[in-house]
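The values are calculated or read from the model by the stated rules, or taken from the named source; none is laboratory data. Worth saying up front: this structure is predicted, and the values here are computed from it rather than measured. Note that each Cβ is placed from the backbone with ideal geometry, even for glycine, and that neighbours are counted across all protein chains shown.
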Amino acid sequence: MSSLIEDYALLSDLETAAMLGGDGSVDWLCLPRFDSPACLAALVGTAGNGFWRVAPRGSRGHCTRRSYRPDTLVLDTEWETVSGSVRVTDFMPPRAQDPCLVRVVEGLTGTVTVRSELRLRFNQGRVLPWTRGESGRCRVAVAGPDAVWLGTDGPGDPGPGGGEVPPRAEGPGAMWQATDEAGAKWPTAEGTFPDRGEDGSTVTDLVVPAGRRVALTLAWTPSHRTTAPGVLCVPADTALKETADFWRHWAARCRYQGPWREAVVRSLITLKALTHAPAGGIVGAPTTSLPERLGGDGNWDDRLCRLNGSSFTLSCLLRSGYREEAAAWLGWLVRAVAGDPAHLQNVYGVAGQRLLSETEAPWLSGYEDSTPVRFGTAATGRHRLDAYGEVLDAFWQSLRAGIDLPPHTWSLVRALMDDVAAHWREPDRGRGHGPARQSVHSKAMAWVAADRAVALGPMLGAEVPDAWRVLRDQVRAQVLGEGHRPGPRSFVQTYGSDRLDASSLLLPALGFLSARDPRMRDTVRALGALEHGGFLRERTPETPSGANSRADGRAAPSVACTLWYAAALAELGETGRAHDTFERVLAARNDLGLLAARWDPDARRQLGNAPSAVSHVALVRTAFALRDAPVP
């Protein structure tokens, strides 16, 4: 059975990610990319679908303590046992060669036997690989196009100078010992791994006295390569120092100064960790099918890049001082949307690919039996009007920040606006998964598209058609006339309904309406009705009002929507309530500062894919809003 979602730590090499539980088990890993098939998939299945646990032999529960090293994505996990204590340091070096995950075991006191159990299952947790030993301290598992190597880096004695990891010791004094499941000691004279156990696992027992260290490195290569990956030749102490230095130097560039700097920096590190560095795209989360409601079917693959919220992501990066990352995200966006604007999608692959099929994995039991487990998405062909506003707002923000756009940008703007003019009156699916409707948020984003297109003309030295200004005014008049309802005295989800929608909180941030406008004041107050346990639901449920049981089919409250609410309260001058709401969200983070997409106030646990990019972007944006809020 998988751990609670909040028990998982994130490791990343900026091209893929691993999810590591507090019990020392890596239960999710896709190689070589975020959206590649998983080779460890216990997170959405069972132990039989693949995991890698490194923990004291015989331990079954949570570690004694754990933490990221300050301003890094290097995780230290400590275990105290009756025979002594050990520390396991986990990290993924930013990709320079082949992807790898390094686990350094260090004896702190006494002598502890630490067991490493690796159960690889390729192709989304269902293919048992063929495993063989290689010369030196390594094994390789092969199935289809994938090969995963497991190698060792011998222990070192503590050096007088300290440092990230003491230097390695050489010679017989550096030898360490392990046993396979039959009790045979190893390494052999050749230093090879033991044969895998009967259940398809590679099990090794490391006898680790105080002051000794041993590193296990798991690395991926294409299966047609017959030589071990070069990363296995890099000493673990070198890789650890370089990884820690990389993250510390990156975090030091953060421009936010305020009372929540630690939370902001951790959120920005998380956002960076969800970035596919070669292409610049940012995935919604490194996981798929973690449920929005336990037992429900609202399970989606978030290992994709969505245009929804892309302009806020860009703003978050720029304001925090990460111009290079913002430019990379913009570059991904420009490449992804290139082509016929009539085929503009709201979701693309990590590298910008458009053709994304959705499949289900019936051999995976789902997180806490929440099925189906989905890979990919079927949402690419759905008309989403808000995508146009996201793209054009990103162009506008980039030019204002001095980021150059490609020469063909104006022709792309014109093509996008032609499509907006042709289709803005049509219903679409808005931010949800339901049928097409006249969504207020979508119409507001059509206004954003026209407004930014008008502003982009002078910035690009181009003449703006008068029809765009007319369209902008028409859309705004329609939203104000049909999107604001006197019954709830609020902007609503769709024309003609009284259903509230938290996306209305974004209207001031989009520039559509002042935060101090009476209609926005009324809207913020009305949206308080969506609160549940101090957190905000996305919208009024279509089930009977007042129902609070999970049987009503509603997802748990949204972390991002709750943060939008805190920012809106701050803009209205209700700073006390804003701070309380923000602190409530901070308390919902796990012990490592990570947020999932949702929070269940009744069960007091995280739900949805994790860690969630949109949640962490909203946290950074809200921290700025509360810091800069006007004094009432």
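If only one of Arg261, Arg306, Arg266, Arg293 is among the charged types (D, E, K, R) and in contact with a strand residue (DSSP E or B) (Cβ under 6 Å, 6 or more places away or on another chain), which one is it? It would help to see each step written out before you state the result.
On the way: Arg261 fails: in contact with a strand residue (DSSP E or B) (Cβ under 6 Å, 6 or more places away or on another chain); Arg266 fails: in contact with a strand residue (DSSP E or B) (Cβ under 6 Å, 6 or more places away or on another chain); Arg293 fails: in contact with a strand residue (DSSP E or B) (Cβ under 6 Å, 6 or more places away or on another chain).
Every option except Arg306 fails the conditions.
If you check Val559, Val585 for being among the β-branched types (Val, Ile, Thr), at pLDDT 95 or above and touching a strand residue (DSSP E or B) at 6+ places or on another chain (Cβ under 7 Å), only one passes: Val559.
Yes or no: the stretch 287-301 includes at least one residue that is within 24 Å of Met92 (Cβ to Cβ) and either surrounded by fewer than 24 Cβ atoms within 10 Å (Cβ to Cβ) or charged (D, E, K, R) (or both). Let's see the steps before the verdict.
Taking the stretch 287-301 and keeping what is within 24 Å of Met92 (Cβ to Cβ), we get 287-290, 301.
Filter again for either surrounded by fewer than 24 Cβ atoms within 10 Å (Cβ to Cβ) or charged (D, E, K, R) (or both), leaving 301.
There is at least one residue in the stretch 287-301 that is within 24 Å of Met92 (Cβ to Cβ) and either surrounded by fewer than 24 Cβ atoms within 10 Å (Cβ to Cβ) or charged (D, E, K, R) (or both).
Which residues, counting only those in the stretch 302-332, are surrounded by fewer than 23 Cβ atoms within 10 Å (Cβ to Cβ) and polar (S, T, N, Q)? Passing the criteria: Asn308, Ser315. Every condition in (1) farther than 24 Å from Met445 by Cα; (2) in a helix (DSSP H, G or I) is met by Leu355 except one, and the failing one is (2). Candidates Thr523, Thr540: the one that is surrounded by fewer than 22 Cβ atoms within 10 Å (Cβ to Cβ) and β-branched (Val, Ile, Thr) is Thr540. For Arg335, the criteria (1) surrounded by 23 or more Cβ atoms within 10 Å (Cβ to Cβ); (2) not in a loop (DSSP other than H, G, I, E, B) hold in every case but one, which is (1). Within the stretch 420-436, the residues that satisfy the criterion of being over 23 Å from Asn299 (Cβ atoms), surrounded by fewer than 18 Cβ atoms within 10 Å (Cβ to Cβ) and not small (Gly, Ala, Ser) are His423, Arg425, Glu426, Pro427. Of the strands (runs of 3 or more DSSP E) contained entirely in the stretch 1-70, not one carries at least 3 residues that are modelled with pLDDT under 95 and touching a Pro at 6+ places or on another chain (Cβ under 6 Å).
Looking only at the stretch 571-602, filter to residues that are of a type outside the set (A, V, I, L, M) and in a loop (DSSP other than H, G, I, E, B); which one of those is surrounded by the fewest Cβ atoms within 10 Å (Cβ to Cβ)? Reasoning before the result, please.
Step one: filter the stretch 571-602 for residues of a type outside the set (A, V, I, L, M), giving 571, 573-577, 579-584, 589-591, 593, 598-602.
With the extra rule that they be in a loop (DSSP other than H, G, I, E, B), the set shrinks to 573-574, 589-591, 593, 601-602.
Working: Gly573: 15, Glu574: 19, Arg589: 22, Asn590: 20, Asp591: 13, Gly593: 20, Pro601: 15, Asp602: 11.
Per the stated criteria, the residue is Asp602.
Among the residues of the stretch 109-144 satisfying the criterion of being part of a loop (DSSP other than H, G, I, E, B) and out of contact with any helix residue (DSSP H, G or I) (no Cβ under 9 Å at 6 or more places or on another chain), which is farthest from Leu43 (Cα to Cα)?
The initial filter retains those residues of the stretch 109-144 that are part of a loop (DSSP other than H, G, I, E, B), namely 120-121, 126, 128-129, 135-137, 144.
Okay, now just the ones that are also out of contact with any helix residue (DSSP H, G or I) (no Cβ under 9 Å at 6 or more places or on another chain), so 120, 135.
Values: Leu120: 13, Ser135: 33 Å.
Looking at the filtered set, the residue picked out is Ser135.
Can you find a residue in the stretch 444-459 that is part of a strand (DSSP E or B) and in the same structural domain as Thr494 (by TED's automatic domain parsing)? Outline the logic, then answer.
To start, the set of residues in the stretch 444-459 that are part of a strand (DSSP E or B) comprises none.
Within the stretch 444-459 (the criterion being part of a strand (DSSP E or B) and in the same structural domain as Thr494 (by TED's automatic domain parsing)), the answer is no, since none of the residues qualifies.
Within the stretch 340-352, the set of residues being assigned to a loop (DSSP other than H, G, I, E, B) and loosely packed, with under 15 Cβ neighbours inside 10 Å comprises just one member, Asp340.
Which ones in the stretch 71-86 are among the hydrophobic types (A, V, I, L, M, F, W, C), assigned to a loop (DSSP other than H, G, I, E, B) and over 26 Å from the mean Cα position of the chain (by Cα)?
The initial filter retains those residues of the stretch 71-86 that are among the hydrophobic types (A, V, I, L, M, F, W, C), namely 73-75, 79, 82, 86.
Applying the additional criterion that residues be assigned to a loop (DSSP other than H, G, I, E, B) yields 73-74, 82.
Passing the criteria: only Val82.
This table checks each residue for (1) at pLDDT below 50; (2) in contact with a Pro (Cβ under 9 Å, 6 or more places away or on another chain); (3) surrounded by 15 or more Cβ atoms within 10 Å (Cβ to Cβ); (4) not hydrophobic (A, V, I, L, M, F, W, C).
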{"position": "Gly136", "(1), (2), (3), (4)": "no, no, yes, yes"}
{"position": "Asp146", "(1), (2), (3), (4)": "no, yes, yes, yes"}
{"position": "Thr152", "(1), (2), (3), (4)": "no, yes, yes, yes"}
{"position": "Ser223", "(1), (2), (3), (4)": "no, yes, yes, yes"}
{"position": "Thr226", "(1), (2), (3), (4)": "no, no, no, yes"}
{"position": "Trp247", "(1), (2), (3), (4)": "no, yes, yes, no"}
